[in-house]
Amino acid sequence: MKGAIFDLDGVIVDTAKYHYLAWKELAARLGFFFKESDNERLKGVSRMRSLEILLEVGGITASDEEKEAMAKEKNDRYVEMLASLNKSELLEGAEDYLKKLKSEGVLIALGSASKNAPMILDKLEITEYFDAIVDGNSVSKAKPDPEVFLKGAEMLGLDPADCVVFEDSQAGIEAARNAGCGVVAVDINGVLFDADKYVKCLKDLL
Ligand code: B16
Ligand code: MG
């Protein structure tokens with residue numbers, strides 16, 4: 001491993017709980033209850049695609065303009081909820097593992113679908129560990145398309161085959177495979193497959 005490419009939500013921090021609360025509020029305003037089990041379908045998925053899934057669950061149709069407004073409403077609320085996000089919410093072992101890789105000379109990139117990723121890294125005070133950041137602002141094709149990880153490897157100046165991706169979503173694992181990277185699944189619930197290695201959290205790698 002010359003390069004390590006990390007997904008954000010579910011690997012470094014659990015932002016999924018805030019995504020869920022913000023989507024649930026939007027659903028309530030639209031007149032339906034959005035279940036936590038349905039929220040599983042939104043993990044690793046882009047903001048717009050997440051909204052489409054939510055509307056499908058609620059049986060609601062909306063114009064593109066209305067969808068833009070709804071996505072903004074949800075994101076404004078989500079960002080508000082992240083106002084007090086800090087280091088204490090880093091998942092177990094995340095910072096120590098980043099430190100370990102740095103000390104071993106491994107290059108580090110972020111490969112996330114989130115457009116809020118740079119702000120989240122700043123709040124967690126871990127931006128300094130990253131040699132490259134690929135997020136929802138810089139990719140056009142969602143996982144399982146390999147774009148996010150190919151770009152990450154390219155920004156690190158490495159061959160994808162020399163990079164290992166750390167992912168908590170099945171679409172992300174497939175994206176890593178499609179990119180030709182190695183892949184470690186961060187799999188709390190034991191539901192992921194097709195990875196090279198499985199851990200519950202990054203602490204297991206220390
Ligand atoms: P945003 P990841 C993903 O992060 C989340 O898992 C997913 O639930 C979210 O919809 C997506 O980011 C977009 O996030 O609305 O902040 O742009 O797992 O790819 O780090
Ligand atoms: Mg994730």
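Table for the structure above
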read-out	value
Across Lys123/Lys151; Lys99/Lys143; Lys24/Lys141; Lys24/Lys72; Lys43/Lys143, pairs whose alpha-carbon gap is larger than 18 Å	Lys123/Lys151; Lys99/Lys143; Lys24/Lys141
Spin-label pair Glu73/Lys35, simplified geometry with 7 Å Cα→Cβ offset, distance in nm	2.3
Euclidean distance between Cα centres, the stretch 42-115 to the stretch 147-206, Å	17
FRET efficiency estimate (nearest 0.05) - Cβ-Cβ, Ala62 to Asp14, R0 35 angstrom	0.75
Average Cα contact separation per residue, the chain, under 8 Å, 6 or more apart, as relative contact order %	26
Under DSSP loop assignment and at most 16 Cβ neighbours within 10 Å, longest trypsin sites (Lys or Arg not before Pro)-free interval of the chain	36-114
Antiparallel content of DSSP bridges confined to the chain, in %, to 5	5
Ellipsoid equivalent to the chain - semi-axes via the Cα gyration tensor, in Å	29, 18, 16
Förster radius 25 Å - calculated FRET efficiency between Leu21 and Asn86, Cβ distance, rounded to 0.05	0.90
The stretch 16-82: C-alpha gyration tensor shape, a/c 1.5 cut-off, then a/b vs b/c	rounded
Expected 222 nm ellipticity per residue - DSSP helices of 4 or more, -39500 (n - 2.57), all of the chain, to 500	-12500 deg cm²/dmol
Chymotrypsin sites (Phe, Trp or Tyr not before Pro) within the stretch 158-206, DSSP loop, no more than 12 other Cβ atoms inside 10 Å	Phe193
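Rule-based calculations on the coordinates, nothing more; no lab input. Predicted model, so just to flag it, every value in this text is computed and none were measured. Ideal geometry is used to build each Cβ from the backbone, glycine not excepted, and the neighbour counts take in all protein chains shown.
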